[in-house]
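Everything below concerns the one structure shown next.
The values are calculated or read from the model by the stated rules, or taken from the named source; none is laboratory data. Note that the structure is predicted; figures quoted are calculated from it, not measured. Note that each Cβ is placed from the backbone with ideal geometry, even for glycine, and that neighbours are counted across all protein chains shown.
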């Protein structure tokens, strides 16, 4: 088996009009790792993938695949396969012919082509469609054929550019599960691009979060969720989005606490230790708390924030509460079982509720540079 490590060292993409689309991209991808590049549109993720594929020139830096520098190697000689969001199947050929086409061009013997096509079709569960034309297939089936066409080439690296974005929500979830299964069966290196953070979190061994051509953070899904490097990552990962408050950090009797509105909350031991080591003093902070980390308070107290309910969305096992607190819209995710009996069917507009934050799940950011103070 070939080792398919991919190394991007100081990769840049500068277009003729001097616009830099990707700045100093550094990433080491291990053999058989599934890496997801994620970020809003225009962040440079597809451009980066296209540079790996050889469809875009690399302006600066080195691309190394399996130990060889690939910057000037033709796309067809890079031993990679790419799957796009538009499936681009040949309409006049059957599924079998679509999958066999690249191998035919390479003059692979017919019996070997047959074996590879049938193996790939079995992995993707499309054996029964081999004699059909693409137009007789659904979007999800066509997507599998496109993936099959890539599998038969047995590439070192699989590149996928938003392969699910053309599918409806239900099919997207289904195909996401299929890609996880596929990955376990063919076990090669994947680089996957998406703008959808749920897709990134469920598929990636590690995810690379990008914005404006810069890498914001690289980590496992759990790492970027628990310890976002900055405000952008904190707001981008997680759904519904993290809530942000203007706060004040201060030290009282050797302990750090935060003030948000009228409330005063003490920080966890872990946060105390980090802030003490950094020698932080009284300062303005942005306080971040995820909707699921806000707790209901039955009575108002010095550490609670008062709010009024705007909208309550019943989601079955939980309620998303949109409330107005300290002059901003705040979202709480409350398990239905934690609600008082009379509120389980929803909470009427204007109801006053008090809430507080779970101390060990409070995030603090420096408003001057957006960096996580506890990172």
Kindly provide the set of residues from region 312-329 that are in contact with a helix residue (DSSP H, G or I) (Cβ under 8 Å, 6 or more places away or on another chain) and either modelled with pLDDT of 95 or more or within 12 Å of residue 245 (Cα to Cα) (or both), ordered by number.
-> none
Search result, residues across region 120-129 that are touching a helix residue (DSSP H, G or I) at 6+ places or on another chain (Cβ under 8 Å) and either more than 22 Å from residue 86 (Cβ to Cβ) or modelled with pLDDT under 90 (or both) = 123, 124, 125, 127
Using the structure shown, decide if residue 261 is in contact with a strand residue (DSSP E or B) (Cβ under 7 Å, 6 or more places away or on another chain), touching a residue at least 60 places away in the same chain (Cβ under 8 Å) and either surrounded by fewer than 13 Cβ atoms within 10 Å (Cβ to Cβ) or over 21 Å from residue 228 (Cβ atoms) (or both).
-> yes
Selection from region 76-116 of residues at negative phi and under 28 Å from the mean Cα position of the chain (by Cα) yields 78, 80, 81, 82, 83, 84, 85, 86, 87, 89
Can residue 298 be described as touching a helix residue (DSSP H, G or I) at 6+ places or on another chain (Cβ under 8 Å), more than 20 Å from residue 258 (Cβ to Cβ) and either at pLDDT below 95 or in the same structural domain as residue 259 (by TED's automatic domain parsing) (or both)?
-> no
